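Laboratory data are not the source of any read-out in this text; all were calculated from the coordinates shown. Computed from a predicted model, the values in this text were never measured in an experiment. We place every Cβ from the backbone using ideal geometry, glycine too, and count neighbours over all the protein chains shown.
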Amino acid sequence: MHGDSGVPVAWFVASNPGPLTLDGSRSYAVGSDELIIVDPGPAIIGQMEQLERLVGNRPVAVICLTHAHADHAGIAELAAQRFGAPVAASGETLTRRGLAGRSLEDGDQVGPSDAPWRLVALRTPGHSSDHTAYLLEPGRAVFTGDLVLGTGSSAILHPDGEVGACLESFRHVLSLDPGRLYPGHGQPIDDGEARLREYANHRLERHRQVERALEAGAGSVAEVRRSVYGDLDVDLVRAADASVRAHLAYIVSQGRELPPVAGLDDPGHPIEVE
Ligand SMILES: [Zn+2]
């Protein structure tokens with residue numbers, strides 16, 4: 001498949017399907033002669049062989065990471081060694097994974113030096129505070145990591161993730177008039193702008209649901225979660241609780257009073273998904 005810039009974008013799905021990873025984590029190869037890998041994926045059996053097939057015998061200019069979660073970056077160091085390529089990510093992502101590499105600020109460009117295209121780093125905290133998306137230029141395709149997924153919505157992993165930051169990141173990407181989105185999980189999305197607006201609306205609606213649950217007397221994180229999400233698959237309860245805590249923290253961050261809610265103290269993030 002080609003990004004709307006005409007630059008080839010190829011990918012595979014890691015063998016780590018699950019409630020949080022959907023059909024699995026996606027690793028992308030951008031370019032034709034010399035590649036950028038976006039998110040090499042989890043350190044699981046078979047992952048390196050899949051990466052080798054994706055890359056073939058082409059040189060890898062750089063390995064970009066969207067964030068430090070293990071399902072995206074677990075194999076980053078091994079992949080950097082295998083392909084002889086540097087890693088580029090936000091400074092916080094590099095620190096969290098203990099990686100050397102190029103620390104990217106918002107607007108920094110990465111790419112093969114003589115290629116007519118590049119990736120532009122978009123600092124996009126929200127799902128996690130270290131998150132970076134990448135705009136493929138020329139064109140408007142965006143690699144969204146876990147900011148936007150192919151289906152459903154993405155958890156905000158409080159306290160690292162923040163609702164306010166998430167809404168701001170949606171606005172940031174929307175301001176670039178995005179085209180196709182390549183998410184970290186799930187199928188590419190052709191109308192990126194519509195999906196980002198859906199995500200922003202969904203997040204605001206979730207927030208109203210949390211506020212209504214509190215008004216109705218929900219007195220614990222679990223009660224708010226049941227009111228907002230109903231019955232959940234047991235594997236999703238922790239992620240939903242983390243999102244509820246993120247919404248409660250957002251109320252406080254707006255200078256508003258929170259009624260007493262049991263279970264506010266975080267039991268210990270991170271939710272590490274392989
Ligand atoms: Zn993640």
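What share of the DSSP beta bridges in the stretch 130-274 is antiparallel, in percent to the nearest 5? It would help to have the intermediate numbers written out before the result.
Details: 4 of 8 bridges.
So the antiparallel bridges in the stretch 130-274 amount to around 50 percent.
If you bin every alpha carbon distance in the stretch 203-253 into 10 Å steps from zero, what whole percent lands in each bin?
Per 10 Å bin, starting at 0, the Cα pair percentages come out as 28, 61, 11.
With n ≥ 4 as the cut-off for DSSP H runs, can you work out [θ] at 222 nm for the chain, using -39500 (n - 2.57) per run divided by the number of residues, rounded to the nearest 500? Please report the intermediate quantities before stating the final value.
Working: 8 runs with 93 residues, N = 274.
The per-residue figure over the chain is -10500 deg cm²/dmol.
Of the DSSP beta bridges with both residues in the chain, give the percent that are antiparallel, rounding to the nearest 5.
Antiparallel bridges make up about 65 percent of those DSSP assigns within the chain.
Using amide H atoms built 1.01 Å from N in the peptide plane, name the residues 5+ places from residue 41, or on other chains, whose amide H lies under 5 Å from its own.
Here the answer is 73, 74, 75, since their amide H atoms fall under 5 Å of that of residue 41.
Going by how many other Cβ atoms sit within 10 Å of their own, how do 21, 151, 144 line up, fewest first? Mind showing how you got there, number by number?
Values: 21 23, 151 11, 144 31.
Ordered from fewest to most neighbouring Cβ atoms within 10 Å, 21, 151, 144 come out as 151, 21, 144.
Which residues does a label at residue 262 reach in the stretch 209-228, if reach means a backbone N under 13 Å from a point 7 Å past the Cα toward the Cβ?
218-224
In percent, what relative contact order does the chain have, based on Cα pairs under 8 Å that are 6 or more apart in sequence? Could the numbers behind the result be given before it?
Values: 585 pairs, mean separation 41.8, N = 274.
Once divided by the residue count of the chain, the mean separation gives 15 percent.
When only DSSP loop residues count, what GluC sites (Glu not before Pro) in the stretch 166-236 have their Cβ near at most 16 other Cβ atoms within 10 Å?
Numbers: sites: 168, 193, 198, 205, 211, 215, 223; in loops: none.
Passing both the DSSP loop test and the Cβ count: no residue.
Looking at the chain as a GNM with Cα springs under 10 Å, which of 203, 195, 212 has the largest mean-square fluctuation?
212
Helices from the chain with mean Kyte-Doolittle at least 0.0 and a Cα length along the axis of 24 Å or more, per DSSP H: which?
Values: long enough: 192-215 (34 Å, -1.61); 234-253 (29 Å, 0.79).
Answer set is 234-253.
For residue 243, what charge total do you get from the other residues with a beta carbon under 9 Å from its beta carbon, if Lys and Arg give +1 and Asp and Glu give -1?
On the way: positive: 206, 225, 245; negative: 241.
With Lys, Arg at +1 and Asp, Glu at -1, the neighbours total +2.
Rounded to the nearest 0.05, what FRET efficiency do residue 81 and residue 115 give with R0 = 25 Å and r taken as the Cβ-Cβ distance? Could you check? Show your work: numbers first, answer last.
On the way: r = 23 Å, r/R0 = 0.93.
The formula returns an efficiency of 0.60 here.
Indicate, rounded to the nearest 5 percent, the antiparallel portion of the DSSP beta bridges found entirely in the stretch 1-139. Let's see the in-between values first.
Values: 18 of 26 bridges.
Of all bridge pairs located within the stretch 1-139, approximately 70 percent are antiparallel.
Could you state the per residue volume, in Å³, of the convex hull enclosing the Cα atoms of the stretch 1-125? Display every interim value, and only then the final one.
On the way: hull volume 13.7 nm³, N = 125.
Normalising the Cα hull of the stretch 1-125 by residue number yields 110 Å³.
Between residue 87 and residues 5 or more places away or on another chain, which pairs have amide H atoms under 5 Å apart, with H built 1.01 Å from N, and which residues are they?
The answer is 63, 102.
Which shape class, rounded, prolate or oblate, goes with the chain when its Cα gyration tensor gives a ≥ b ≥ c as root eigenvalues, a/c under 1.5 marks rounded, and past that a/b bigger than b/c marks prolate? Could the numbers behind the result be given before it?
Working: a/c = 2.11, a/b = 1.78, b/c = 1.18.
Cα axes put the chain in the prolate bin.
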